[in-house]
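What follows draws every value from the coordinates through simple rules; no lab data is involved. Values in this document were obtained by computation on a predicted structure and should not be read as measured data. Virtual Cβ from ideal backbone geometry, glycine too; neighbours counted across all protein chains shown.
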Amino acid sequence: MLKGVFLKDKERNELIISWLTITAAFSMVISNFFSSLDIFLALLISAVGVGTGFILHELAHKYVAIHYGAHAEFRMWQSGLILALVLPIVTFGQFLFAAPGAVYIYGTNITRKQNGIISVAGPITNILIAIFFIMLIVIFPKSTIGQISGYAAQINFFLAFFNLIPIGPLDGTKVFAWSKTIWGCLFVFTLAGVFLFTMVASLLMSPLAGLIS
């Protein structure tokens with residue numbers, strides 16, 4: 001019953017390496033895009049947003065797959081990690097491609113619906129995390145917690161939206177094949193979150209000047 005539930009040393013180490021890499025990559029992008037952010041605050045925001053969004057996203061895939069009787073294990077992609085670091089540097093923080101790795105699932109009896117549910121578990125986890133951070137903004141407006149939560153919410157909306165793109169190995173391909181209605185609703189919702197959340201958050205959060213020495 002518990003086989004595959006606990007992370008192996010290799011899997012845990014690769015998750016940590018992937019998290020640290022995309023934390024650095026995201027910090028380069030948001031410290032440029034939000035020009036008032038210094039690199040240390042950007043690292044903190046990225047660590048919180050990516051740490052929750054990326055790791056829980058992958059674990060959601062893993063444990064839903066285990067629920068359906070499959071073996072699932074995370075494996076990092078070295079080329080994806082290198083690309084995640086190089087692109088923000090060569091584009092001066094204007095572009096990021098985050099594909100650090102994926103959960104590999106092995107099972108002979110996984111149906112299309114089950115595969116879709118396994119795939120959608122990751123983006124839904126990011127959406128729930130984003131909603132949690134929005135609640136923190138409301139509870140702690142005009143505070144450091146509120147500021148960090150705002151950007152962490154944006155990162156999670158981005159992770160959900162990006163993974164729902166129905167291209168190649170991304171989650172969106174399998175969700176789209178299972179249910180176009182569910183895919184469409186989630187895709188539109190996360191797209192709105194990516195582009196509109198900044199405007200909503202600006203009504204709840206004070207300027208960042210007070211956070212930066």
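Listed by number, the DSSP H helices of the chain that run 30 Å or longer by alpha-carbon position along their axis and have mean Kyte hydropathy of at least 1.0 are 39-67, 112-139, 180-204. A value for Rg and Dmax of the Cα atoms in Å was derived from the coordinates, and within the list (i) 19.9, 63; (ii) 17.3, 66; (iii) 17.3, 56 it appears as (iii). Helical content of the chain, expressed as a calculated mean residue ellipticity at 222 nm, amounts to -24000 deg cm²/dmol (DSSP H runs of 4 or more residues, -39,500 (n - 2.57) each, divided by residue number, nearest 500).
In this rough spin-label picture, where each label sits 7 Å from Cα along the Cβ direction, the VAL188-PHE95 distance is 3.0 nm.
Along the axis of the charge dipole computed for segment 9-205 (Cβ charges of +1 for Lys and Arg, -1 for Asp and Glu, origin at the Cα centre), the listed residues THR108, LEU85, ALA160 are led at the positive end by THR108.
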